[in-house]
Amino acid sequence: MTTSLVTLIVATAVLVLIPGPNVALIVANSLRYGFRMGVATVLGTTVGVGLQLLLVVFGLAAVVAVAADALTWIRWAGVAYLVYLGIRTWREQPDDLARVEAAPAMFWRGCLIAVLNPKTLLFNAAFIPQFVGNDATVTGLGIVAMAFLAVLFAGDILWAAFASSARPLLARYS
């Protein structure tokens, strides 16, 4: 199991480098509101992915895979939420980069983006079991899921740190 955990950590670290909707939201919030709000977003996305991992660990992802066509509305709910956030951001007046946004709002936005992404759920249902080996129990899957989530969290914190470090540069041009 140790070899497969190391392989999981490396594979997950590579996956974290590929930005998706979660990373886009983390970077946007970190650029706009700073590291603290980026971390609040990371906490939200981590909780959202964690909820999906619970489904994977307890085998409900197989049900979702079978009923993927019936659950298309979840994907469209996620799309609608992203469009809503985009339109709202587009219509907002440019403001001071020092403006502070409420951390709970950042958390819940991150959580919704992560939970409403059925592609992530299906990917995790296919990805996580590959690293369990012979210990295909809830405990074995749980250990692998926790390692995956820890690497994801650490990588997303780095995205937030890098984005927020670019704020002074962007402030000069606003």
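Key figures for this structure:
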| quantity | calculated |
| --- | --- |
| Answer residue from the stretch 114-153, given it is in contact (Cβ under 8 Å) with a residue 12 or more places away in the chain and among the small types (Gly, Ala, Ser) and is nearest to Ile9 (Cα to Cα) among those | Ala147 |
| Meets criteria (at pLDDT 95 or above and polar (S, T, N, Q)) for Thr45 | yes |
| Yes/no for Ala28 being within 19 Å of Cys111 (Cα to Cα) and either open to solvent by less than 70 Å² (accessible area, probe 1.4 Å) or among the hydroxyl-bearing types (Ser, Thr, Tyr) (or both) | yes |
| Flag for Pro94 being modelled with pLDDT under 85 and open to solvent by 50 Å² or more (accessible area, probe 1.4 Å) | yes |
| Residue that is nearest to the chain's Cα centre (by Cα), among those in the stretch 156-166 that are surrounded by fewer than 18 Cβ atoms within 10 Å (Cβ to Cβ) and of a type outside the set (A, V, I, L, M) | Phe162 |
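Yes/no per residue for (1) farther than 23 Å from Val23 by Cβ; (2) part of a helix (DSSP H, G or I); (3) at pLDDT 95 or above; (4) open to solvent by 60 Å² or more (accessible area, probe 1.4 Å):
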site	(1), (2), (3), (4)
Gln130	no, yes, no, yes
Ala136	yes, no, no, yes
Gly142	yes, yes, no, no
Ala145	no, yes, no, no
Val151	no, yes, yes, no
Pro168	no, yes, no, yes
Ala171	no, yes, no, no
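The values are calculated or read from the model by the stated rules, or taken from the named source; none is laboratory data. What you are looking at is a predicted structure, and each value in this text was computed from that prediction instead of being measured. Neighbour counts are summed over all protein chains in view; Cβ atoms, including those assigned to glycine, are modelled from backbone coordinates with ideal geometry. Ligands, DNA and RNA are stripped out before the accessible areas are found, and what is left, the full protein with its side chains, is counted by its heavy atoms. Shrake-Rupley method; radii C 1.70, N 1.55, O 1.52, S 1.80 Å.
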